[in-house]
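Take a look at the structure set out below.
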Amino acid sequence: MTSIRKPALTLAALLMVWGGTGLASAQASDDTWITTKIRIALMTTDGAGRNAVKVDTEHGKVTMHGTVDSQAVKDKAEATVRAVGGVTDIRNLLQVVKQSSQESVKAVDKDVKDAVEKALKADERLEGIKVKSVENGLVFLDGNTTNLASELRAIETAYGIAGVRQVDSGIETKEK
């Protein structure tokens with residue numbers, strides 16, 4: 001091999017490695033964005049499994065796993081995931097497991113609103129997000145944030161409060 005071809009081949013190999021790494025990094029970023037959007041969609045869609053549905057995304061292909069209490073919830077979760085942009089394929093591994101007894105915490109809406117507001121205020125990363133209303137355990141969040149991760153964190157925070165039946169988000173994020 002000539003002395004000119006060796007450096008050229010070495011340079012070509014390095015560019016392929018660096019280019020591949022850049023593509024992998026961009027794809028991982030896209031997959032993270034898709035997963036975050038899916039989690040928000042599942043948590044804000046009534047009857048879609050909320051926290052029971054776990055998702056993994058690789059190259060736009062989503063694998064759903066976990067347990068839900070009915071075929072209707074399994075189907076609703078899949079339909080919710082299909083509606084998220086960037087999803088190219090779904091592997092639905094959700095298992096239907098009947099719950100023997102579901103405890104339902106009944107709480108006065110005012111108490112739920114106060115508790116959610118207190119939890120949101122306790123996390124300074126959630127500044128700008130507030131509780132617009134609570135009706136029969138349905139919490140409607142409103143406000144602004146800089147990224148999807150903060151929106152997801154606010155939704156998860158609200159779900160952590162006793163008496164919250166569902167969370168809906170009107171939060172506007174600068175990251176789309």
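Values in this text are rule-based calculations from the coordinates and carry no lab data. Since this is a predicted model, take the numbers as computed values, not measurements. Here Cβ is always computed from backbone atoms with ideal geometry, including for glycine, and neighbour counts include all displayed protein chains.
Okay, here's what the table says:
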read-out	value
Amide hydrogen neighbours beyond the local backbone of N147, cut-off 5 Å, H modeled	K174, E175
³J(HN,Hα) computed for each position of the range 147-163 - Karplus, 6.51 cos²θ - 1.76 cosθ + 1.60, integer Hz, glycine/proline x	8, 5, 4, 5, 4, 4, 4, 5, 5, 5, 4, 5, 5, x, 9, 4, x
For the range 119-133, 3J(HN,Hα) per residue [Karplus equation, 6.51 cos²θ - 1.76 cosθ + 1.60, θ = phi - 60°, Hz, x = Gly/Pro]	5, 5, 5, 5, 10, 5, 6, 9, 4, x, 10, 9, 8, 6, 6
Radius 11 Å from Cβ of L42, net charge of other residues (Lys, Arg +1; Asp, Glu -1)	+3
Normalised contact order of the range 109-173, rounded percent, pairs of Cα under 8 Å and 6 or more residues apart	35 percent
For V139, residues with placed amide H under 5 Å, excluding near neighbours	R165, Q166, V167, D168
Protection proxy ranking, peptides 80-92, 129-141, 32-44, average beta carbon neighbours within 10 Å, highest first	32-44, 129-141, 80-92
